[in-house]
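Working notes, beginning with the structure itself.
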Amino acid sequence: MKTLFIPIVLIGVLASGCAVGNKHNYHLNHPHVTLQTTETLTVGVHDHRPYVINHDKRASFVGIQRAGFGNPFDVTTLSGQALSKDFLNVIVKAFRLRNIQVDSIPIPNHMTRDQAIALLLPKVQGKAILIMIEEWKSETYNNTALHYNVILEVLNKSGDLLGRSQVVGSDDLGGSFWNPPSHAKQAVPQAYRQKLEALLNDPNVLAAFP
């Protein structure tokens, strides 16, 4: 019995070490967008996750990595920046790669949707795009799950809603028995890119740009 106990404890200790200080890449994984427009876009990303608003988690928080005994450790952005800033930067770059003129507007986490729109509208020359992160969190033990709820709205200069898209759900991204953190570092950024592409290329969004 003792000979089995030692390896089990050792595995738990090693797994705990692998679970500490993990970071996921949200600032280099750029989505492909299909939008074509000559209008200038004003883009803002609003992190509306309740645990960020109440300061239970930092704005750079993106998930949980569980160690060998199930104890949780926070995962943060690789950039060290707020998740909303990573979202904003990659979306703006994706539009600019399509030769679309973009102005980016940082939005404080504590704002409501109406306050975020009021911040965007004075800067709008063509149309505004507001992305609201209602939920975004990965959770890894052996397998990795991604919980997400992100809304995109297209608005005109008057604040009228022209188009809307949403990705919401909980996905099983697979896993690894021997190195779950390494698997998560590959799987989560890939899923992130797919979710952004689904938001940005939704027909309801594209229809707002005739």
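S170 satisfies every condition listed in (1) surrounded by fewer than 14 Cβ atoms within 10 Å (Cβ to Cβ); (2) in contact (Cβ under 8 Å) with a residue 60 or more places away in the chain; (3) in contact with a His (Cβ under 8 Å, 6 or more places away or on another chain) except (2).
Among the residues of segment 56-70, the one identified as modelled with pLDDT under 95 and out of contact with any helix residue (DSSP H, G or I) (no Cβ under 7 Å at 6 or more places or on another chain) is G70.
If N109 passes every condition in (1) over 17 Å from K23 (Cα atoms); (2) at pLDDT 95 or above; (3) surrounded by 14 or more Cβ atoms within 10 Å (Cβ to Cβ); (4) within 19 Å of the chain's Cα centre (by Cα) but one, which one does it miss? Of (1) over 17 Å from K23 (Cα atoms); (2) at pLDDT 95 or above; (3) surrounded by 14 or more Cβ atoms within 10 Å (Cβ to Cβ); (4) within 19 Å of the chain's Cα centre (by Cα), only one is false for N109: (2). Taking interchain pairs and intrachain pairs at least six residues apart, which have beta carbon atoms under 7 angstrom, with the first residue in segment 116-134 and under 12 Å from G159 (Cβ atoms) and the second β-branched (V, I, T) and part of a helix (DSSP H, G or I)? Close Cβ pairs satisfying both conditions: L130/I117. Residues that are surrounded by fewer than 20 Cβ atoms within 10 Å (Cβ to Cβ), assigned to a loop (DSSP other than H, G, I, E, B) and over 21 Å from the mean Cα position of the chain (by Cα) do not occur anywhere in segment 181-204. Residues considered: L119, L130. Of these, the only one that is of a type outside the set (S, T, N, Q) and not in a strand (DSSP E or B) is L119.
Please pick out the residue among I100, I105 that is in a loop (DSSP other than H, G, I, E, B) and either touching a residue at least 60 places away in the same chain (Cβ under 8 Å) or under 20 Å from A187 (Cβ atoms) (or both). Going through I100, I105 in turn, just one is in a loop (DSSP other than H, G, I, E, B) and either touching a residue at least 60 places away in the same chain (Cβ under 8 Å) or under 20 Å from A187 (Cβ atoms) (or both): I100.
Of all residues in segment 34-47, count the ones that are more than 12 Å from A82 (Cα to Cα) and surrounded by 16 or more Cβ atoms within 10 Å (Cβ to Cβ). Adding up the residues that qualify gives 6. Remark: N156 falls outside the filter, which requires a residue to be in contact (Cβ under 8 Å) with a residue 24 or more places away in the chain, surrounded by fewer than 21 Cβ atoms within 10 Å (Cβ to Cβ) and within 14 Å of the chain's Cα centre (by Cα).
The values are calculated or read from the model by the stated rules, or taken from the named source; none is laboratory data. What you see is a predicted model, and the numbers here were worked out from it, not measured in a lab. With ideal geometry, Cβ positions are generated from the backbone for all residues, glycine too; neighbour counts draw on all protein chains shown.
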